[in-house]
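Chemist: Here it is: the structure, laid out below.
The values are calculated or read from the model by the stated rules, or taken from the named source; none is laboratory data. For clarity, every value in this text was computed on a predicted model and none was experimentally measured. No Cβ is skipped: glycine too gets one built from the backbone with ideal geometry, and neighbour counts run over all protein chains shown.
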Amino acid sequence: MSLRYIDEFRDRTIALSLAKKIREEMVPGREYRFMEFCGGHTHAIYRYGLVDLLPPGLRLLHGPGCPVCVLPMGRIDLALELALNHEVILTSFGDMLRVPGSHSLSLLKARSMGGDIRMVYSPLETLRIARENRGRPVVFFAIGFETTTPPTAVLIRKALEEGLDNLSVFSNHVLTPPALKALLGAPSSEENPTIMGFIGPSHVSTIIGTKAYRFVAEDYHRPLVISGFEPLDILQSILWLIRQVNAGRAEIENQYVRAVDDQGNLKAQQETLRFLTVRPDFEWRGLGRIPESALGLRREFEALDAEVVFGLREKDVADPKACECGEILRGAKNPEDCRIFGTVCTPDNPVGSCMVSSEGACAALYNFGRFRLAGAIKGES
Amino acid sequence: MATKMIDMTHGSGGRSMTRLIEDLFLPAFDNPWLSAMNDHAVLGPSSGRLVMATDSNVVRPLFFPGGDIGSLSVHGTVNDVAMAGATLLCLSAGFILEEGFPMETLSRIVSSMAASAKSVGIPIVTGDTKVVERGKGDGIFINTTGIGFVPETVSLSPQRVVPGDKILVSGFIGDHGSAIMAVRENLSIAGQFLSDSAPLHDLVASLIKSGAEIHCLRDPTRGGVATLLNEIAAQSGTGALIEEEAVPVRDEVRALCEVLGIDPLYVANEGKLVAYCAARDAERLLEAMRAHPLGRAGAIVGEVTQNKGGFVQVRTSFGGYRIVDWLSGDPLPRIC
């Protein structure tokens, strides 16, 4: 039995030979520190047990590419305010419902308090909800990187076409290149080790293309390999990064050629910029306020901008003291370095956002890999 | 039947309720215990220890490819009793109906229950009907309770599971959950999935007859095989190691799970069982399993380990290891 386009990228023999090449080509005694930007890669690394195939001199730092993880508590509080104080029907993706805002309140808890919060698989499901509830305001709580942004733009266009004046969008869409810039611009130290190269986003790159990363090589002299999400993609990308580092090269390479080209998806880019525009700055969990790093609705569409319609004012809310999500999202700490990892903070009772989404580094380690921390014997008893 | 919809009088104990019983339930379930019209059923003496299990069914949609809430309510309880290695004696059925529920739909569901019970050869000997006001229920809920007996020579329980035991699965996993998800999410591929809803009492009887030293049987319903493995590990104080490639999953189920970002190990089954048995008897048990129509695709998928912390681990197809953990909340699709 085999699934085409899936099983080819999970082939055992090729995986083992790639792992062997990685071991052979690493310069002995040298530490290689690469960051996988995307939570999707973090998830795959733990899900397929890739850690077991990689030698100890190779350190993978988990990056901020998990949309649920990087959203600061202040923005979640605004969503809670929409649901509880403005009594809107709030729609969002499943993962978002479990992230705690202030006072450990999440949208899931707000729902049990009477908030009308509905999980959707596609933003466009909000259209139907708005149609069926013409007398009530319906807000789509939009989150995500460049991949999930075009569907939000389509939602806005369709709402306008249909004249659904009860529908609005609470935009929290964020951008990948500015976050990379923030990571690269941060001074390196003992606690913030230099990132020697990046495993670049796969799905995001289908939208923005390889051209969006040129600054990583040109301005910061680091290699970046755009990589697919399958295990073999990741192993091959690691090998290419090692080769670049060994040769002193800093180039943008595209391993994910089956889906990514230089220009990206121009139609999606146009549709996005027709309705959304770059904000002056935006607060990221762990990375602070980053200039021009997020998208809000264009002024001409402010009648559909939930922040304008409901007069939302963002407040700065500090993360819980014991939570290390900030450091983890910068790659400065590993999940297991956090004192509350796996004790106070678990997927059933998450304190920090990285424990909620399956793409969060903490959830990935907890769900798939924590037997290693417990000293449990790998595999055989 | 004169009325087209359930109304409050159908649960009030008056004439309408008696008519509902006489016109619908009695002819469908047709057996001497029910016909006696008592509030109870008096059962004859039986040999062996008694086994009892109960199950409430709230499935949506009510009808799905491969089954419906009626057949499911029979199979679920039959299987729970059968997992003790028991022979089934009888079932009870309790209905909670919502005011306004179409009589025709109820009739279809009751016929399906009757057909399922008949195919298992088990009478539905007593029942109850309640009606709740419109908006206070979700159409129909069905509770069934089953009684069976198990001979002194058969003892199946998680406490008997020990490190070294082999773990067998009786066929393709995730079929039921996939059928439900595909219909519920309105996926255009919905027609390709069929629930595996089936009564497993006969398969269990064949497995026991094989003479293999079986330590525990359980059916991986809600939460799938992953949840079952964690339950047994916790209850027996062991761990488990599963070979990912050995677990039988249909290509279409794998494909659906890839699309939704869900692991098939967590997807529900309604016609599969997981067997724990002494290592030396594993092949014999597998042979008996595959000889039965409901166990054709059975496989040995792993073994019980002594791992610290009761971890259930999977060895991935290229030799890496990961945990298969308890679920936290519903399995949700990834968002990007």
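Chemist: What number goes with the only condition from (1) within 15 Å of the chain's Cα centre (by Cα); (2) farther than 23 Å from B:L294 by Cα that B:T153 does not pass?
Modeler: In the conditions (1) within 15 Å of the chain's Cα centre (by Cα); (2) farther than 23 Å from B:L294 by Cα, B:T153 misses (1) alone.
Chemist: Just one of the numbered conditions (1) in contact with a strand residue (DSSP E or B) (Cβ under 8 Å, 6 or more places away or on another chain); (2) surrounded by fewer than 24 Cβ atoms within 10 Å (Cβ to Cβ) is not true of B:K209; which one?
Modeler: (1)
Chemist: So which of B:K130, B:K136, B:K118 ends up being free of Cβ contacts under 8 Å to residues at least 12 places away in the same chain and not assigned by TED's automatic domain parsing to the domain that holds B:E245?
Modeler: None of the others qualify; the one that does is B:K118.
Chemist: Check B:G302, B:G310, B:G320 and return the single one that is facing chain A (nearest Cβ under 8 Å) and under 24 Å from A:L50 (Cα atoms).
Modeler: Just one listed residue meets the conditions, B:G320.
Chemist: Can you confirm whether the range A:15-29 contains a residue that is surrounded by fewer than 18 Cβ atoms within 10 Å (Cβ to Cβ) and hydroxyl-bearing (S, T, Y)?
Modeler: Taking every residue of the range A:15-29 in turn, at least one turns out to be surrounded by fewer than 18 Cβ atoms within 10 Å (Cβ to Cβ) and hydroxyl-bearing (S, T, Y).
Chemist: On to the next question. For B:L168, are the conditions met, namely being assigned to a helix (DSSP H, G or I) and touching a residue at least 40 places away in the same chain (Cβ under 8 Å)?
Modeler: Against the criterion (assigned to a helix (DSSP H, G or I) and touching a residue at least 40 places away in the same chain (Cβ under 8 Å)), B:L168 does not qualify.
Chemist: Also, I was wondering about something else. Output the residues belonging to the range A:118-140 that are within 14 Å of another protein chain (Cβ to nearest Cβ) and free of Cβ contacts under 8 Å to residues at least 40 places away in the same chain.
Modeler: A:R118, A:M119, A:V120, A:Y121, A:S122, A:P123, A:L124, A:E125, A:R128
Chemist: Could you please give the count of residues in the range A:77-114 that are more than 15 Å from A:F140 (Cβ to Cβ), without any contact (Cβ under 8 Å) to a residue 60 or more places away in the chain and not hydroxyl-bearing (S, T, Y)?
Modeler: Counting residues in the range A:77-114 that are more than 15 Å from A:F140 (Cβ to Cβ), without any contact (Cβ under 8 Å) to a residue 60 or more places away in the chain and not hydroxyl-bearing (S, T, Y) gives 12.
Chemist: A further question on this structure: Any idea which of (1) more than 25 Å from B:E231 (Cβ to Cβ); (2) within 14 Å of chain A (Cβ to nearest Cβ) is the one B:V161 doesn't satisfy?
Modeler: With respect to (1) more than 25 Å from B:E231 (Cβ to Cβ); (2) within 14 Å of chain A (Cβ to nearest Cβ), B:V161 is out only on (1).
Chemist: Determine, yes or no, whether A:I45 is part of a helix (DSSP H, G or I) and in contact with a Leu (Cβ under 6 Å, 6 or more places away or on another chain).
Modeler: no
Chemist: Right, another one. Could you identify the single residue in B:I173, B:I262, B:I189, B:I180 that is modelled with pLDDT of 95 or more and either within 27 Å of A:Y5 (Cβ to Cβ) or buried (at least 22 other Cβ atoms within 10 Å of the Cβ) (or both)?
Modeler: Answer to the selection: B:I173.
Chemist: Name the residues in the range A:85-99 that are more than 10 Å from chain B (Cβ to nearest Cβ), surrounded by 17 or more Cβ atoms within 10 Å (Cβ to Cβ) and touching a strand residue (DSSP E or B) at 6+ places or on another chain (Cβ under 9 Å), would you?
Modeler: Of everything in the range A:85-99, those that are more than 10 Å from chain B (Cβ to nearest Cβ), surrounded by 17 or more Cβ atoms within 10 Å (Cβ to Cβ) and touching a strand residue (DSSP E or B) at 6+ places or on another chain (Cβ under 9 Å) turn out to be A:V88, A:I89, A:L90, A:T91.
Chemist: Looking at (1) outside any helix (DSSP H, G or I); (2) out of contact with any Lys or Arg (no Cβ under 7 Å at 6 or more places or on another chain); (3) surrounded by fewer than 20 Cβ atoms within 10 Å (Cβ to Cβ), which is the only condition B:G100 fails?
Modeler: Of (1) outside any helix (DSSP H, G or I); (2) out of contact with any Lys or Arg (no Cβ under 7 Å at 6 or more places or on another chain); (3) surrounded by fewer than 20 Cβ atoms within 10 Å (Cβ to Cβ), only one is false for B:G100: (2).
Chemist: Across the range A:53-63, what is the number of residues that are more than 14 Å from every other protein chain (Cβ to nearest Cβ) and either touching a Ser or Thr at 6+ places or on another chain (Cβ under 9 Å) or without any contact (Cβ under 8 Å) to a residue 24 or more places away in the chain (or both)?
Modeler: Summing the residues that are more than 14 Å from every other protein chain (Cβ to nearest Cβ) and either touching a Ser or Thr at 6+ places or on another chain (Cβ under 9 Å) or without any contact (Cβ under 8 Å) to a residue 24 or more places away in the chain (or both) in the range A:53-63 gives 3.
Chemist: While we're here: Being under 22 Å from the mean Cα position of the chain (by Cα), under 30 Å from A:T206 (Cα atoms) and either within 12 Å of another protein chain (Cβ to nearest Cβ) or crowded, with 23+ Cβ neighbours inside 10 Å (or both) is the requirement here; does B:D251 meet it?
Modeler: Spelling it out, it is not the case that B:D251 is under 22 Å from the mean Cα position of the chain (by Cα), under 30 Å from A:T206 (Cα atoms) and either within 12 Å of another protein chain (Cβ to nearest Cβ) or crowded, with 23+ Cβ neighbours inside 10 Å (or both).
Chemist: Just one of B:A41, B:A36, B:A28 is touching a strand residue (DSSP E or B) at 6+ places or on another chain (Cβ under 8 Å) and either in the same structural domain as B:I96 (by TED's automatic domain parsing) or of a type in the set (K, R) (or both); which is it?
Modeler: B:A41
Chemist: What's the total number of residues in the range A:336-353 that are within 14 Å of chain B (Cβ to nearest Cβ) and not β-branched (V, I, T)?
Modeler: 7
Chemist: Here are some residues: A:R111, A:R128, A:R136. Which one is surrounded by fewer than 20 Cβ atoms within 10 Å (Cβ to Cβ) and not in a helix (DSSP H, G or I)?
Modeler: Just one listed residue meets the conditions, A:R136.
Chemist: Given the condition within 19 Å of the chain's Cα centre (by Cα), among the charged types (D, E, K, R) and surrounded by fewer than 20 Cβ atoms within 10 Å (Cβ to Cβ), answer yes or no: does some residue in the range B:313-330 qualify?
Modeler: Yes.
Chemist: Do the conditions hold for B:L241, that is, is it out of contact with any Pro (no Cβ under 7 Å at 6 or more places or on another chain) and in a helix (DSSP H, G or I)?
Modeler: No.
Chemist: Among helices (runs of 4 or more DSSP H) lying entirely in the range A:142-218, which contain 1 or more residues that are farther than 30 Å from A:V88 by Cα and at pLDDT 95 or above?
Modeler: Ranges flagged: A:176-185, A:203-208, A:214-218.
Listed here are the residues, each with its yes/no results for (1) touching a His at 6+ places or on another chain (Cβ under 9 Å); (2) farther than 21 Å from A:R313 by Cα.
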position	(1), (2)
A:L60	yes, yes
A:M73	no, no
A:L82	no, no
A:V88	no, no
A:D95	no, yes
A:R98	no, yes
A:D116	no, yes
A:S122	no, yes
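Chemist: Now for a separate question. When you check B:A275 against the structure, is it more than 30 Å from A:I143 (Cα to Cα), at pLDDT 95 or above and surrounded by fewer than 18 Cβ atoms within 10 Å (Cβ to Cβ), yes or no?
Modeler: no
Chemist: Follow-up. What tally of residues in the range A:1-23 results from selecting those that are touching a residue at least 40 places away in the same chain (Cβ under 8 Å) and facing chain B (nearest Cβ under 7 Å)?
Modeler: 3
Chemist: Looking only at residues in the range A:247-270 that are touching a Phe, Trp or Tyr at 6+ places or on another chain (Cβ under 9 Å) and not basic (K, R), which one is surrounded by the fewest Cβ atoms within 10 Å (Cβ to Cβ)?
Modeler: Within the range A:247-270, the match that is surrounded by the fewest Cβ atoms within 10 Å (Cβ to Cβ) is A:A250.
Chemist: Hey, can you tell me all the residues within the range A:24-52 that are touching a residue at least 60 places away in the same chain (Cβ under 8 Å) and more than 22 Å from A:S202 (Cα to Cα)?
Modeler: Within the range A:24-52, A:E25, A:M26, A:V27, A:D52 qualify.
Chemist: Follow-up. Please determine, by comparing only the residues of the range A:121-139 that are in contact with a Phe, Trp or Tyr (Cβ under 7 Å, 6 or more places away or on another chain) and not polar (S, T, N, Q), which one is modelled with the lowest pLDDT.
Modeler: Among those that are in contact with a Phe, Trp or Tyr (Cβ under 7 Å, 6 or more places away or on another chain) and not polar (S, T, N, Q), it is A:P123.
Chemist: Of all residues in the range A:11-54, which are among the hydroxyl-bearing types (S, T, Y) and within 22 Å of A:N246 (Cβ to Cβ)?
Modeler: Passing the criteria: A:S17, A:Y32.
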